[in-house]
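Notes follow once the structure below has been shown.
The numbers here are math on the coordinates, done by the rules we state, and not lab data. Small disclaimer: the values here were computed from a predicted structure and weren't measured. Cβ: placed from backbone, ideal geometry, glycine included. Neighbour counts: every protein chain shown.
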Amino acid sequence: MYESLVNFVDYCNCITIVASRVNELRERRTLDDEGIRELLESDDESLAEELFRHAREVAVGQFGPVVWLRALIEWSNVCRNDCYYCGIRRSNRALPRYSLTRDEILSCCDQAWRLGLRTFVLQGGENPPAAEKLAETVAEMRASWPEAAISLSLGELPGETYALLRRSGANRYLLRHETAKPALYARLHPAGMRLENRLACLHHLRALGFKTGMGMMVGSPYQTTDDLIADIRLMEEFRPEMIGLGPFIPQHDTPFRDIPAGSASTTLRLYAILRLMLPQAWIPATTALATLRPDGRTAGILAGANVIMPNFTPASRRSAYALYEGKARPGAEAAETLNQLKQELDTIGYHV
Ligand code: SAM
């Protein structure tokens with residue numbers, strides 16, 4: 001009897017300490033490593049709910065109960081890299097390779113614009129010569145939709161190609177850093193790919209005037225809580241305008257095919273922690289999260305995310321942009337089901 005009372009008091013103390021961490025993070029917009037570890041690792045789901053509540057209050061305070069839609073156009077799956085986790089890696093011979101034509105890209109943009117989306121996101125494998133050519137299409141997009149935001153996610157490119165794309169009218173660039181730890185970076189990528197190059201690209205992009213996004217997968221192989229804390233510190237210092245993060249999900253044609261997927265709960269906690277640290281950031285509730293958990297989009301928004309990226313890639317190409325298992329499954333992220341997405345958001349009190 002006495003022992004269970006002591007355990008209960010310990011439990012209450014622990015909850016009080018972690019709850020005060022959430023308040024401290026919200027007020028000071030930072031928290032020490034131990035505090036972040038507790039928020040990430042606590043197995044008390046009611047505490048996670050408390051963290052999410054604070055994060056969404058901050059998001060709604062900044063933006064209102066609004067979710068921003070970005071039209072995702074998966075431009076090409078041709079990639080020179082061989083990242084061990086990624087289904088479109090160069091060594092995957094099972095994948096039919098494609099690149100959308102200029103006409104296809106403009107038609108995707110047109111469809112998205114007519115449906116009310118005002119940001120186009122061109123994402124694709126890393127392919128510097130093709131990225132340079134893509135600048136012509138970016139210039140056409142800029143001329144046709146002067147008020148649109150044009151966001152790119154094309155990997156590491158030469159500085160002059162970034163400058164050309166910027167001059168052509170692109171104004172945002174997402175390049176996930178993938179991990180802030182060089183040793184972990186080396187376990188996720190083949191020799192020749194280096195974290196310092198990636199970080200140099202991010203600084204260069206920002207100097208060119210791009211609004212810049214970074215981020216990582218959650219639960220990628222070998223990743224520890226210390227690694228996630230290092231990621232948080234890196235973003236706290238760099239202060240990206242956008243943060244792209246979602247769970248790792250294995251893909252059957254990659255070396256990491258047998259590694260279990262990352263945790264949806266940890267992903268949501270990271271959205272919330274980063275919202276409290278960087279209240280103005282654009283944080284998408286990612287497709288990877290929605291792949292892992294059917295209510296991933298709304299759960300993400302309720303944890304402080306504020307962006308959803310419906311997929312406007314032509315349906316015939318989607319299965320070939322197979323970053324991870326289950327990604328091509330038709331769902332509410334597809335343009336055809338935009339209304340369903342709006343209804344889902346309506347049920348949680350948000351609108352686009
Ligand atoms: N080539 C560009 C780049 O490197 O930034 C953009 C395309 S890349 C496929 C986009 C992102 O997909 C990567 O930054 C990575 O975090 C994510 N990704 C790749 N494989 C994944 C997997 N198996 N599970 C979850 N996310 C994955």
Modelled label-to-label distance, SER319 and ASP346, 7 Å Cα→beta-carbon offset: nm?
3.3
List, in order, the whole-Hz ³J(HN,Hα) value for each residue of the stretch 230-246 obtained from phi through the Karplus relation with A = 6.51, B = -1.76, C = 1.60 and θ = phi - 60°; use x for Gly and Pro.
4, 4, 4, 4, 4, 6, 4, 7, 6, 6, x, 6, 10, 10, x, 8, x
Within a 10 angstrom radius of the beta carbon, how do TRP113, TRP282 rank from fewest other beta carbons to most?
TRP113, TRP282
For the ranges 38-47, 284-293, 146-155, what's the packing order if you count other beta-carbon atoms within 10 Å of each residue, average per peptide, and put the highest first?
284-293, 146-155, 38-47
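Let me have the 222 nm mean residue ellipticity of the chain computed from DSSP H runs of 4+ only, each contributing -39500 (n - 2.57), with the sum over all residues rounded to the nearest 500.
The helix-only estimate for the chain comes to -15000 deg cm²/dmol at 222 nm.
Below 8 Å, C-alpha to C-alpha, sequence gap of six or more: please give me the relative contact order for the chain in percent.
22
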Could you order peptides 295-306, 217-228, 58-69, 188-199 by the average number of other Cβ atoms within 10 Å of their residues, highest first?
295-306, 217-228, 58-69, 188-199
Of HIS54, HIS351, how do they rank once you tally other Cβ atoms within 10 Å and put the fewest first?
HIS351, HIS54
Mind ranking 161-171, 117-127 by how tightly packed they are, going by the mean number of other C-beta atoms within 10 angstrom, highest first?
117-127, 161-171
From the Cα gyration tensor of the stretch 152-305, with a ≥ b ≥ c the square roots of its eigenvalues, which class applies: rounded if a/c is under 1.5, or else prolate if a/b is larger than b/c, or else oblate?
oblate
Multiply the residue separation of ALA183 and ASP253 by 0.36 nm, subtract the distance between their alpha-carbon atoms, and state the gained length in nm to one decimal.
22.8 nm
Note, ³J(HN,Hα) from phi for the stretch 264-274, Karplus 6.51, -1.76, 1.60, rounded to Hz, x at Gly and Pro:
5, 5, 5, 4, 5, 4, 5, 4, 5, 4, 5
Assign one of three labels to the chain, namely rounded, prolate or oblate, based on the Cα gyration tensor with a ≥ b ≥ c the square roots of its eigenvalues; rounded applies when a/c is under 1.5, prolate when it is not and a/b is larger than b/c, and oblate otherwise.
prolate
Quick one: if the Förster radius is 56 Å, what FRET efficiency do ARG142 and GLU27 give, using the C-beta to C-beta distance and rounding to 0.05?
0.85
Gain in span if fully extended, PHE238 to ASN197, counting 0.36 nm per residue against the direct Cα distance:
13.2 nm
